[in-house]
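So the structure is just underneath, and the comments pick up after that.
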Amino acid sequence: MKTKILKALALANLLTLCSVMPTSLALAADAPKTIAVSVKRFAYEPSKINLKKGQPVVLEITTEDVAHGLKFKELNLNTKIEKDKPGELSFTPMQTGDFVGHCSVFCGSGHGSMTLTLHVTE
Ligand SMILES: [Cu+2]
């Protein structure tokens, strides 16, 4: 009898935990940090982003003109950004240093000079 009650209590606790989890997770320190980036010929805004190693991050990228891309070769990340379809890069930097991303969709004469630097510190 007692064990039955204990089991029921344990289950109730579990259910309570489950229903509370998403909110507490969203508030946790390591919830992904969302950073808005806009891009137009021939620059990203901002062009430099400071990040913490181990901190999950989501870059939400919108274009103000034509289609662009954003590629970080070293981090194995790449996305395409279109007028009606924002690009998204979701990742957790695990190394400190500077990582330079380039436009990966040809967009005109200044395409090759478009960069966005991720500055990752401890
Ligand atoms: Cu381009």
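One line per residue, one yes/no per condition, for (1) touching a strand residue (DSSP E or B) at 6+ places or on another chain (Cβ under 6 Å); (2) not hydrophobic (A, V, I, L, M, F, W, C):
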residue: 32; (1), (2): yes, yes
residue: 46; (1), (2): no, yes
residue: 52; (1), (2): no, yes
residue: 56; (1), (2): no, yes
residue: 59; (1), (2): yes, no
residue: 67; (1), (2): yes, no
residue: 79; (1), (2): yes, yes
residue: 86; (1), (2): yes, yes
residue: 96; (1), (2): yes, yes
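Looking at the stretch 95-121, I want the residues that are farther than 19 Å from residue 36 by Cα and have a partner that is in a helix (DSSP H, G or I) and hydroxyl-bearing (Ser, Thr, Tyr) with Cβ atoms under 9 Å, at least 6 apart or on another chain. Which pairs are those?
none
Return the pair list, or none, for Cβ contacts closer than 6 Å from residues in the stretch 41-54 that are of a type in the set (S, T, N, Q) to residues that are in a strand (DSSP E or B), at least 6 apart or on different chains.
47/116; 50/119
Give the residues of the stretch 53-71 that are part of a strand (DSSP E or B) and among the basic types (Lys, Arg), sorted by residue number.
71
Taking the stretch 79-105 as the region of interest, how many residues are among the hydrophobic types (A, V, I, L, M, F, W, C) and more than 17 Å from residue 61 (Cβ to Cβ)?
Residues in the stretch 79-105 being among the hydrophobic types (A, V, I, L, M, F, W, C) and more than 17 Å from residue 61 (Cβ to Cβ): 1 in total.
Pick out the one residue from 48, 85, 71, 40 that is surrounded by fewer than 15 Cβ atoms within 10 Å (Cβ to Cβ) and more than 13 Å from residue 119 (Cβ to Cβ).
Of 48, 85, 71, 40, the one residue that is surrounded by fewer than 15 Cβ atoms within 10 Å (Cβ to Cβ) and more than 13 Å from residue 119 (Cβ to Cβ) is 85.
Say we look at the stretch 80-100 and pick out the residues that are part of a strand (DSSP E or B) and within 14 Å of the chain's Cα centre (by Cα); which of these is nearest to the ligand (Cβ to nearest atom)?
87
Take residue 83 and decide whether it is of a type in the set (Lys, Arg) and in contact with a Ser or Thr (Cβ under 9 Å, 6 or more places away or on another chain).
Yes: the conditions hold for residue 83.
Throughout, read-outs are computed from the coordinates displayed, never taken from laboratory work. Note that the structure is a prediction, hence the values are computed from the model and not measured. Neighbour counts run over all protein chains shown; Cβ positions are idealised from the backbone, glycine included.
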